[in-house]
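The values are calculated or read from the model by the stated rules, or taken from the named source; none is laboratory data. What you see is a predicted model; the values in this text were computed from it and never measured. Because the Cβ atoms are built from the backbone with ideal geometry, glycine has one as well, and the counts that use them run over all protein chains shown. Ligands, DNA and RNA are stripped out before the accessible areas are found, and what is left, the full protein with its side chains, is counted by its heavy atoms. Shrake-Rupley method; radii C 1.70, N 1.55, O 1.52, S 1.80 Å.
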Amino acid sequence: MKFPFLTLTRGCETFYRFQQRGVLLADQRLWSSALKHSSQLCKDKSFYITTPIFYVNASPHLGHLYSAVIADCLHRWKLMQGFDSRFATGTDEHGLKIQQAVEAVGKDPLTFCTEVSERFRNLFSSCNISFTDYIRTTEQRHRRAVEHFWSVLWNKGLIYKGSYEGWYSTQDESFLMPSQVGEALDPSGKKVKVSLESGHKVEWMKEENYMFRLSIFRSRLLDWLVKNPGAVQPERFQQAVVQWLQEDLPDLSVSRQRSRLQWGVPVPGDPEQTIYVWLDALVNYLTVVGYPEIHEQWWSAAHHVIGKDILKFHAIYWPAFLLGVGLPLPKVIHVHSHWTVAGRKMSKSLGNVVDPVEHSQMFTNDGMRYFLLRQGVPDSDCDYTHDKVIKLLNTELADSLGGLLNRCTAPALNPAQVYPAFCSQAFPRDQRGRAVAEDYQMVAAVRSLPTVVEKYYESIHVYKALEAISACVRQTNRFIQRHAPWKLDRRDSKDRRWLDAIIHVSLECLRIYGTLLQPVVPEISNRLLTRLGVQPHERSWKNLDFLQRYHGTDCPFEGRLLGLDSRLLFSRLEGQNGDKQKPKKSKKPACLK
């Protein structure tokens, strides 16, 4: 499902439209205040999230999907909260690495780039990545933005003609200091120079080109990080940047001779030079929001999601470029770590590169999204195996969450197929009814769950949010098991009221879980909420009031018919020793006895 791009005006119209549909703020006075200040509200409600743009020298792999899923989760989360959110991804199609890949296959450069770029676009579309803009650096709008950005730096005297001599990694498209270079053996056993960070081969380069006065921005970059302790998250990555900045920053080469690099944007006024691929690529974040004419609203709300391998480019080079042209720095740079496969680094030579398209078909789109966000820890590398995926998805999606929904909606327990009434006498707040201490602990945990989840979504520690949700799901399953509603006698009025209260509380728990899981597993959440009879306009952050009857207010869902789709929420996956198995076709759950 794609989210439509909302301009500022449309965002405000949506805000009013929600009010007309009955999606009211908890306090009507707050709504009145919001109407008076709607213009400021819409401005403050802008959010802009980006992934890196991905090199088209090879097909997408698991790490690319991981970056996109993190950004997509944040984008959907902000939409849930009522923000006007823009979400950009795309492909980086210039540079020596691309030029060499094109020469190796003997294709036209643009044709080659288009073919690979479409693989990324198709992957993201098939995996429900709800981007609002897909940028390619070969587009004319981007070239115009890059040329303007360069010209501003040049006119301010921040770019000068000079000479660069040093190490360069084509694979990383990165200039390296001597301290960043070491020795290694190539496959033939020959000693070669490599980047100590990436392990990629480097070459000594000496050429006349243009230099950016990076050295003059060192103190300003340090000042930015000191005054904005959450600018780079998680904290360990901000500390890494601060450590880098303890050393002198040499000026940065920002062009290559045209004779060496033809596939790129020519330097304005000097056709013999090509703009450095990273300067070219980083400007894409501005291109998307209309730079240089209409970027102010969105650029002031910019958030980047990146892999740890490109931290230097985004936390040193990019902020320095922005300071140079006089633009605000990003609000937050969210950094994530990498994925290994069965404990080993993904590598073509090892033959263990995970194809995200194949695995999304194998484990479903939502299954892959859930695994990546549930197991992905931003601070450290994570490991991927078939068995881990199958075990996690079966345990948490099929058995725990899916099993809870099946129990609460099974005709044996809920023959009328409705959201039953809550009885305050059966489940009183004074703890004098049939409910026990563990039940009240569950109610308290679910009531506080949105606050917990919000904290972790905002910091992209999504795995902690899902951990908290999963813990509450287990509590609710124990609640059902503890009171065994299938043993109650519907002919007895007290038993019937208690049975209805059990089911009402359980469905309310499921509604909260389904709403909070929308940014992570949109298809599963939609199926769950539809089964509960929750309408699309009742699925936002403002609809997370839990167990309203218990707290003395009306519940809009009470007495409402459940949805008709009674398929399994998530079918169990089967696999043995890592064998790839597609999930069984969904079927209707058997009635509980």
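Miscellaneous remarks
- Of all residues in the stretch 369-390, those being in contact with a Gly (Cβ under 7 Å, 6 or more places away or on another chain) and under 22 Å from Val232 (Cα atoms) number 1.
- Residue in the stretch 417-437 that is open to solvent by less than 40 Å² (accessible area, probe 1.4 Å) and in contact with a Ser or Thr (Cβ under 8 Å, 6 or more places away or on another chain) present: no
- Sole exception among (1) open to solvent by 10 Å² or more (accessible area, probe 1.4 Å); (2) within 20 Å of Arg527 (Cα to Cα); (3) out of contact with any Cys (no Cβ under 9 Å at 6 or more places or on another chain); (4) in contact (Cβ under 8 Å) with a residue 12 or more places away in the chain for Thr395, by number: (4)
- Test: residue in the stretch 306-319 that is open to solvent by 10 Å² or more (accessible area, probe 1.4 Å) and part of a loop (DSSP other than H, G, I, E, B): no
- Given (1) surrounded by 16 or more Cβ atoms within 10 Å (Cβ to Cβ); (2) in a helix (DSSP H, G or I); (3) at pLDDT below 95, index of the condition Val446 fails: (3)
- Residue in the stretch 137-154 that is under 30 Å from Ser540 (Cβ atoms) and either surrounded by 24 or more Cβ atoms within 10 Å (Cβ to Cβ) or within 26 Å of the chain's Cα centre (by Cα) (or both) present: no
- Pairing each residue of the stretch 452-471 that is under 16 Å from Val232 (Cα atoms) with any residue that is among the small types (Gly, Ala, Ser), provided the two are 6+ apart or on different chains, yields C-beta distances under 6 Å for Tyr456/Ala465; Tyr457/Ala465.
- Those residues of the stretch 85-110 which are in contact with a strand residue (DSSP E or B) (Cβ under 9 Å, 6 or more places away or on another chain), open to solvent by 10 Å² or more (accessible area, probe 1.4 Å) and not in a helix (DSSP H, G or I), in sequence order: Arg86, His94
- Evaluating Asp500 against the criteria (1) of a type outside the set (A, V, I, L, M); (2) open to solvent by less than 60 Å² (accessible area, probe 1.4 Å); (3) at pLDDT 95 or above leaves one unmet condition, (3).
- Checking each residue in the stretch 184-198 for being assigned to a loop (DSSP other than H, G, I, E, B), in contact (Cβ under 8 Å) with a residue 12 or more places away in the chain and open to solvent by less than 80 Å² (accessible area, probe 1.4 Å) picks out Asp186, Ser198.
- When restricted to residues that are open to solvent by 20 Å² or more (accessible area, probe 1.4 Å) and closer than 19 Å to Arg136 by Cα, the stretch 64-84 contains 1.
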